[in-house]
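Read the structure below first, then the notes.
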Amino acid sequence: MTITAQDVIDRAALTLQDVDTVRWTTHEMLMWLQDAVRETAAIKPSTFAATIELSLEAGADQVLPDTATQMIRVLRNTDGAAITVVERHILDVMEPGWPTTAVVPFTDAVLHVIYDDEAPGEYMVYPGNTGNGSIQAVCCVPPVITETTDDITAKAAIVPVLTDYLLFRAFSKEAGIPGSAARAQAHRALFDVALGNKAKSELYSNPDTQRGKAARG
């Protein structure tokens, strides 16, 4: 099933009773939808999981392409040889200085990958690569949303989740109107619950917490 940005915007506009996107413009909706995609990718990277080929630079240190935000799972060398994930400290203990070619000769093939969720755009390979190798990995590749016709590559179940985010932003814009702030919080809570973001869902669904935030200014 192909999901477009327009599909999500239409759902939100229907709930807002603004099917012609007059009060909440298409331009706004597109910006909020890109925000929704970014937050979804950060909270649950597997939502936009895709198997891609990563061309390697010379050396041990590598970076993901701009289109990918996080490595979810490493698969294999492009030529088929398996790759395992290891902790860096294990290699540091066994072969200090391993990232340099003076200690471990660089090769085309990768034996191990090291990556850390705290630095999602970076990873390391062992041995260091000649710059001629490539690997396959499952990465988070969120779509870039700039037009209503842009595709959202994900399962159809993501549509109501992204719709809730749009409604959260739309009702937040109307925070001065009675009831709008509560509706905004409710849709934000639904968004977070759907993605398993428990801490945020409790924050947005607890009226006492919201009143406390308002009182603190």
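The values are calculated or read from the model by the stated rules, or taken from the named source; none is laboratory data. These numbers come from a predicted model, not from an experiment. Reconstructed Cβ throughout: ideal geometry from the backbone, glycine too, with neighbour counts over all protein chains shown. The accessibility values were calculated without ligands, DNA or RNA, using every heavy atom of the protein model including side chains. Shrake-Rupley method; radii C 1.70, N 1.55, O 1.52, S 1.80 Å.
Among residues of segment 55-67 that are in a strand (DSSP E or B), those with a beta-carbon under 6 Å from a residue that is acidic (Asp, Glu) and surrounded by fewer than 20 Cβ atoms within 10 Å (Cβ to Cβ) at least six positions away or on a different chain give the pairs Val63/Glu122.
From the residues in segment 86-107 that are touching a residue at least 40 places away in the same chain (Cβ under 8 Å) and not β-branched (Val, Ile, Thr), which one is surrounded by the fewest Cβ atoms within 10 Å (Cβ to Cβ)? Among those that are touching a residue at least 40 places away in the same chain (Cβ under 8 Å) and not β-branched (Val, Ile, Thr), it is Phe106. The set of residues in segment 11-43 that are surrounded by fewer than 17 Cβ atoms within 10 Å (Cβ to Cβ) and acidic (Asp, Glu) comprises Asp18, Asp20, Glu28, Asp35. One residue alone among Val74, Val104 is assigned to a strand (DSSP E or B) and more than 30 Å from Met31 (Cβ to Cβ), and that residue is Val74. Scanning segment 57-104 for residues that are hydroxyl-bearing (Ser, Thr, Tyr) and either within 29 Å of Glu39 (Cβ to Cβ) or within 28 Å of the chain's Cα centre (by Cα) (or both) gives Thr67, Thr69, Thr78, Thr84.
Just one of the listed residues (Ile114, Ile83, Ile52) is of a type outside the set (Asp, Glu), more than 30 Å from Ser172 (Cα to Cα), open to solvent by 30 Å² or more (accessible area, probe 1.4 Å) and at pLDDT 95 or above, and it is Ile52.
Sub-8 Å Cβ pairs linking a first residue in segment 2-19 that is without any contact (Cβ under 8 Å) to a residue 12 or more places away in the chain to a second residue that is loosely packed, with under 15 Cβ neighbours inside 10 Å, at least 6 apart or interchain, are Asp10/Val19, ordered by first then second residue.
Could you pull out the residue among Ala170, Ala157 that is touching a helix residue (DSSP H, G or I) at 6+ places or on another chain (Cβ under 9 Å), without any contact (Cβ under 8 Å) to a residue 60 or more places away in the chain and closer than 30 Å to Thr26 by Cα? Spell out how you get there, then give the answer.
Working: Ala170 fails: without any contact (Cβ under 8 Å) to a residue 60 or more places away in the chain.
Only one candidate passes the filter, namely Ala157.
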